[in-house]
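Undergrad: Next up is a structure, given as structure tokens.
None of the figures in this text is laboratory data; all of them are computed from the coordinates on show. Owing to the predicted nature of the structure, the values given are computational and were not obtained by experimental measurement. Cβ placement follows ideal geometry from the backbone for every residue including glycine, while neighbour counts extend to all protein chains displayed.
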Amino acid sequence: MGRHRGSAATRRARTSAYGSRSGRAIAVAGLTALALAPPAAAQSTGGATPREGTPAPTLSPPPPGVPLRKPPQLRSWRCVKSCQDRVTAGTGSIVRIRGRALARTYEVVFMGAAGEADDVAAAPLRRKRHVVDVRVPLGAVPGSLLVAHHDGQQSLPSDALLAIAPPVALKEAGAAPTVEVQAQSRRAFFDAARPAKISYVVHGGAAARALVELVRARDGAVVTSWDAGEVAPETTQSLAWDGTVGGKLQKPGRYSFRVSAVDAAGVRAVSAQTGQTKPDPAQIHFLRHEFPVRGPHYFGEHAARFGGGRGHQGQDVFAACGTPLVAARGGVVKFKQYHSRAGHYIVIDGVRTGVDYAYMHLRDAALVDAGDRVRTGQPIGYVGDTGRASGCHLHFEMWRAPGWYDGGSPFDPLRSLMNWDKTS
Ligand SMILES: [Zn+2]
């Protein structure tokens, strides 16, 4: 999930609860222009405090014009190739999943135990409406499976648990080493709770010295490397990358992890190169922002655009009330307040950027408090229509340094939003 994914609880709650298109109509035109007074003049914070294990949000039908896509459904699965039996797989086994709306499967998540620390996701090898084949990734631990679309919609976790057979030593002592690498998720967001992470293992009879290189897909350049020292054979290693090299935040794009190992005899093995295997299990899509609305949505026009209404300083994104909202970029919460026009709102001072991000008309008080450190993709609340709002929507603003009503100035966030929508 990466997605780009929130906490396991959020993730499990994120399956679609949207009904048919025939919901109550919501007026869209004539949106309120927002021009806030400085925060000092705003009213005090509203009631609710965030709770742990917040239940799945109650959603209203999405407003007209929101593209509706069915969430994936996972009905059954079985191990079909290189398996110990139908429910027991090992790294490299092929699992076949059956269900509905699977044609847009972006990744299959091997969920392991509760919490997402041990989750490993893999791209499908084959996907059709009713069937998906996936290779069991390195690092997968026993647990449920789920299917995720690119837009964050997910199936419920499977009832049946996948068992993982202990790795079989394929090579005798003295055999030449080989290396296997697997990224834990297909997307990685800068400053997310989970950094980009890989698992790798050196196969062979002996310990070997391992070197991990980060290769930029655009031009094949090695942007950084890690000397892992001597690693034992058949022992899964892991490595995390925070998105920076020498303190410098790297450009968004695709990156691959390449691992080479040299054994005592000087025999060298290199993991499969980008493009040799498809989908490349060692490649991640590194992104600096996540799209803040996790559900069907569309961008408002006219008065809902930046500058569209008198004093409209942001972009409106329409979605059903109750649709989860996440931080587009991590940072520190500068303001969390209630205002007669903005409703429940929150302003986050983005980390490693001078930009402030404002989210307005939240259904309830935000899930985080002023002063809190928030991570990219962290749930911050739900789409609502508090304050002066016609229809459920997120009013989103971006402000240049030094920031929101602090000497900065707002700019049109639409291009950024559309970019994030495409990639996350
Ligand atoms: Zn607005």
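Undergrad: Count charges around L214 for me, please; just the other residues with Cβ under 14 Å from its Cβ, Lys/Arg as +1, Asp/Glu as -1. Write down the numbers at each step before the final one.
TA: Numbers: positive: K197, R216, R218, K248, K251, R254, R258; negative: E213, D219, D227, D242, D280.
So the surrounding residues net to +2.
Undergrad: Output wanted: per-residue J couplings in Hz (rounded whole) for the range 109-122, from phi through Karplus 6.51 cos²θ - 1.76 cosθ + 1.60, θ = phi - 60°, x for Gly and Pro.
TA: Karplus-based 3J(HN,Hα) across the range 109-122 equals 9, 9, 7, x, 7, 4, x, 9, 4, 9, 5, 10, 10, 9 Hz.
Undergrad: Given R₀ = 35 Å, FRET efficiency for A113-W226 by Cβ-Cβ distance, to 0.05?
TA: Efficiency at R0 = 35 Å is approximately 0.80.
Undergrad: Now a separate question. Based on Cβ point charges of +1 for Lys and Arg and -1 for Asp and Glu, what charge dipole magnitude is obtained for the range 228-379 about its Cα centre, in debye rounded to the nearest 20?
TA: Numbers: 18 positive and 13 negative charges, 100 e Å.
Dipole magnitude for the range 228-379 comes out near 480 debye.
Undergrad: Here's another thing I want to ask about it. Kindly flag which residue pairs out of K81/K422; K81/K251; K251/K334 have an alpha-carbon separation exceeding 28 Å in this structure. Each step should come with its number before you reach the end.
TA: Values: K81/K422 34 Å; K81/K251 39 Å; K251/K334 26 Å.
Distance filter (> 28 Å) returns K81/K422; K81/K251.
Undergrad: Could you tell me how far the Cα centroid of the range 255-322 sits from the Cα centroid of the range 364-424, in Å?
TA: Each part reduced to its Cα centre gives a spacing of 18 Å.
Undergrad: Which net charge results for the neighbourhood of W77, defined as the other residues with beta-carbon distances under 12 angstrom from its beta-carbon, given Lys and Arg at +1 and Asp and Glu at -1? Before the final figure, lay out the partial values.
TA: Numbers: positive: R75, R78, R86, R96, R98; negative: D133, D159.
Taking every Cβ under 12 Å from that of W77, the sum is +3.
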